[in-house]
Amino acid sequence: MKNTVWNAVIWRYNGNEEFRVFKHAPSFSDIYPLIDCDTIELHKGFHQDVSNRSFEMHCDEEAKLRSKPVNVKATKAWLLWAKRTGHLTIPGDTINGDIAIIKKVAKPHEQDIQSVA
């Protein structure tokens with residue numbers, strides 16, 4: 001794709017959604033401050049607002065240890081992915097804290113409020 005950029009969709013645990021645009025493929029170091037973490041754990045998710053197929057969610061690996069609140073939207077996306085793919089989950093398990101979804105696109109999200117070089 002010409003002029004490829006990467007949209008970062010951030011799902012906050014409080015239900016808010018934010019967007020950032022990167023001119024380069026973001027590294028974990030780029031994502032850490034977006035979701036307030038030091039270690040990233042990848043989980044799969046499915047949500048039709050994001051894609052018609054599964055996607056990766058960048059999550060704070062220590063969110064539960066740091067007592068971060070449950071991210072209801074990310075948990076639902078993860079559980080739906082598990083159901084669709086036949087993966088097992090531990091009953092009552094959740095995704096906690098803020099998460100980021102990175103998407104390679106031809107043009108940035110039109111509601112982008114802060115671009116990252």
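Among the listed residues ILE10, ILE31, which satisfies the condition of being modelled with pLDDT of 95 or more, under 26 Å from GLY92 (Cα atoms) and outside any loop (DSSP other than H, G, I, E, B)? The conditions single out ILE10. Whether any residue in region 44-57 is among the aromatic types (Phe, Trp, Tyr) and assigned to a strand (DSSP E or B) is what I want to check. Looking for residues that are among the aromatic types (Phe, Trp, Tyr) and assigned to a strand (DSSP E or B), one finds at least one in region 44-57, hence yes.
How many of the residues in region 69-108 are assigned to a loop (DSSP other than H, G, I, E, B) and hydrophobic (A, V, I, L, M, F, W, C)? Adding up the residues that qualify gives 4.
So that you can scan it fast, the table gives a plain yes or no per residue for (1) closer than 21 Å to THR39 by Cα; (2) of a type in the set (A, V, I, L, M); (3) surrounded by 15 or more Cβ atoms within 10 Å (Cβ to Cβ); (4) touching a residue at least 40 places away in the same chain (Cβ under 8 Å):
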{"site": "ALA63", "(1), (2), (3), (4)": "yes, yes, yes, no"}
{"site": "SER67", "(1), (2), (3), (4)": "yes, no, no, no"}
{"site": "TRP78", "(1), (2), (3), (4)": "yes, no, yes, no"}
{"site": "ALA82", "(1), (2), (3), (4)": "no, yes, yes, no"}
{"site": "ASP93", "(1), (2), (3), (4)": "yes, no, no, no"}
{"site": "ILE99", "(1), (2), (3), (4)": "yes, yes, yes, yes"}
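The set of residues in region 34-43 being surrounded by fewer than 17 Cβ atoms within 10 Å (Cβ to Cβ) and either in contact with an Asp or Glu (Cβ under 6 Å, 6 or more places away or on another chain) or at pLDDT below 95 (or both) consists of THR39, GLU41, LEU42.
Evaluating HIS47 against the criteria (1) modelled with pLDDT under 95; (2) within 13 Å of ARG12 (Cβ to Cβ); (3) of a type outside the set (Phe, Trp, Tyr) leaves one unmet condition, (2).
The values are calculated or read from the model by the stated rules, or taken from the named source; none is laboratory data. Since the model is a prediction, treat every value here as computed from it, not as a measurement. Because the Cβ atoms are built from the backbone with ideal geometry, glycine has one as well, and the counts that use them run over all protein chains shown.
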